[in-house]
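The values are calculated or read from the model by the stated rules, or taken from the named source; none is laboratory data. Keep in mind that this is a model prediction, so the values were computed, not measured. So basically every Cβ, Gly included, is an ideal-geometry build from the backbone, and we count neighbours across all protein chains shown. These accessible areas exclude ligands, DNA and RNA; they are computed on the full protein's heavy atoms, side chains included. Shrake-Rupley method; radii C 1.70, N 1.55, O 1.52, S 1.80 Å.
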Amino acid sequence: MTPETFAAIIADAALSPNVHNIQPTLWRRIDDATVAAMQAPGRTLPVGDRTGRDVAASHGAAVEGFILAASRRGLGMSLAAPADGEIARLTVAEAAAPDPLAPFLTLRRTYRGRFTPDPAGAALDALVHAAPDLTVLRDRADIALVARLNDQASLKTFRNGGFRAELLAWMRLSPRDPRWSVDGLNARAMEMSGLEALGAGIVLKPVVFEVLDRLGLAGALTGEAAVVNSSAAIALFHRPADEPPFETGRRWHRVWLEMTRQGLSAAPMTVLADEEVAASALATRFGHPRGARLVTAFRIGKVADDALPPPARRAVADLIL
């Protein structure tokens, strides 16, 4: 693997999904056949991800992205035991044919807006067949229930002032922000108008949010029910409860790419898995595989091609140690 090929692979792998788009993975080329994934300093979420599970899953997704991108270049990668300070180590194992999901690595996007009315029946049928770890809900009443639970869980989470402050630090609410196209959640990706972005910067600050919450107005500002109810389906993503988050992240990425392969767009609603009341309600209503846990819930649907936001990503040079 030449330095040029290494950089090209990283450019593709950098498009892997990751929590809040904090992009926590750095890369080191050890030699022509060995690379290591490392934790980027300062790119964690001490409040929103206290256990580090979401960051670990993000690393897993990035490593899976590297493996997929390498396969497009005829390189088969295998995982080896990481050295101290490494998240993962990969070695070139053999020549490889492109993974069937590899072409979709650079096409996947998170879409947080409203979906088209297309029920996407054939695409969802194919997704169910390809991803048995998804429970796909298409009934409108089921989707409405998920929308209500998501709004309730989100409001509870936003009542944590530390969470709001941490989230605001990763939000890019103006195109004038120098990191608008680099990392975090910009207003375009969050489907916010300029006025909505300006309001979010005010509403999420201390005191303001608490006053609005006491007046019963905060839920209307944090809620996403209209967007969730526009979904063609909700997909509950379960994985074994004892699976390491890194491995969960690898599968999370592949499942999302399978959605892209079927012409579907999606956004995760991880608060439904993180908030105990919501997770319990979903388990009671829809069940879950024995020994499994809910990782996240995706809202899924069809989107016009020109509606998908461009990715905000760090420069490849900044991702290489």
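Could you state the angle between the C-alpha long axis of helix 194-203 and the longest principal axis of the C-alpha atoms of the chain, as a value from 0 to 90 degrees rounded to the nearest 10?
80
For the chain, set up a Gaussian network in which alpha carbons nearer than 10 Å are linked by springs, and say which option among 131, 187, 226 fluctuates the most.
Answer for the Gaussian network model of the chain: 226.
Sort segment 1-119 into rounded, prolate or oblate with this rule: let a ≥ b ≥ c be the square roots of the eigenvalues of the Cα gyration tensor; rounded if a/c is under 1.5, and if a/c is not under 1.5, prolate when a/b is larger than b/c, oblate otherwise.
It comes out oblate by the Cα gyration axes.
Mean 1/r over all different Cα pairs, inverted: what Kirkwood radius does segment 85-206 give, in Å?
Taking the inverse mean of 1/r over all distinct Cα pairs, segment 85-206 comes out at 18.7 Å.
Taking only Cα atoms, what is the 0 to 90° angle, nearest 10, from helix 3-13's long axis to the longest principal axis of the chain?
20
Express the accessible area of segment 27-177 per residue in Å², computed with a 1.4 Å probe while the remaining protein chains stay in the model.
Roughly 46 Å² per residue, with all protein chains present.
If you take semi-axes √(5λ) of the Cα gyration tensor in Å from the coordinates, which of (i) 34, 24, 21; (ii) 32, 23, 19; (iii) 32, 28, 19 do you get?
Entry (ii).
Could you pull the accessible area for residue 170 with a 1.4 Å probe, rounded to 10 Å²?
30
In the neighborhood of residue 28, defined by Cβ-to-Cβ distances under 12 Å, what is the net charge if each Lys or Arg adds +1 and each Asp or Glu adds -1?
So the environment of residue 28 carries a net charge of 0.
Just grab the label-to-label distance for residue 215 and residue 290, each label 7 Å out from Cα along the Cβ direction, in nm (one decimal).
Each label point is offset 7 Å from its Cα along the Cβ direction, giving 5.4 nm.
Leaving out ligands, DNA and RNA, what percent of the accessible area of the chain is carbon and sulfur, probe 1.4 Å?
56
Please give the length that would be gained between residue 81 and residue 226 if that part of the chain were fully extended, namely 0.36 nm times their separation in residues minus their C-alpha to C-alpha distance (nm, one decimal).
Additional length available on full extension: 47.6 nm.
Mind giving me the nanometre distance, one decimal, between the label points for residue 308 and residue 31, set 7 Å out from Cα along Cα→Cβ?
Result for the modelled spin labels: 3.9 nm.
I'd like the FRET efficiency for residue 148 and residue 241, computed as 1/(1 + (r/R0)^6) with the beta carbon distance as r and R0 of 35 Å, rounded to 0.05.
The computed FRET efficiency comes out at 0.85.
Identify which of 197, 235, 95 has the largest mean-square fluctuation in a Gaussian network model of the chain, with springs joining Cα atoms closer than 10 Å.
Comparing 197, 235, 95 in a Gaussian network model of the chain, the most mobile one is 95.
Which value, in debye to the nearest 20, gives the size of the charge dipole of the chain about its Cα centre, when Lys and Arg are +1 and Asp and Glu are -1 at the Cβ?
480
Be a star and scan segment 298-321 for residues whose amide nitrogen sits under 14 Å from the point 7 Å along the Cα-to-Cβ vector of residue 157.
Counting backbone N atoms under 14 Å from the label point, the list is 298-299.
Normalised by the number of residues in the chain, what is the relative contact order in percent for Cα pairs under 8 Å and 6+ residues apart?
Averaging sequence separation for qualifying contacts and normalising by length gives 26 percent for the chain.
Quick one: compute the contact order of segment 72-181, relative version, from alpha carbon pairs under 8 angstrom and 6+ residues apart, as a percent.
Relative contact order comes out at 13 percent.
In percent, how large is the relative contact order of segment 1-102, given Cα pairs closer than 8 Å and 6 or more residues apart?
Over segment 1-102, the number comes to 28 percent.
Tell me the volume per residue, in Å³, of the convex hull enclosing the alpha carbons of segment 191-287.
Spread over its residues, the Cα hull of segment 191-287 gives 167 Å³ apiece.
Any chance you could give the angle, 0 to 90 degrees and rounded to 10, that helix 276-286 forms with the longest Cα principal axis of the chain?
Long axis of 276-286 versus the principal axis of the chain: about 90 degrees.
Based on the Cβ-Cβ distance from residue 50 to residue 107, what FRET efficiency comes out when R0 is 25 Å, to the nearest 0.05?
Given R0 = 25 Å and the Cβ-Cβ separation, E is 0.15.
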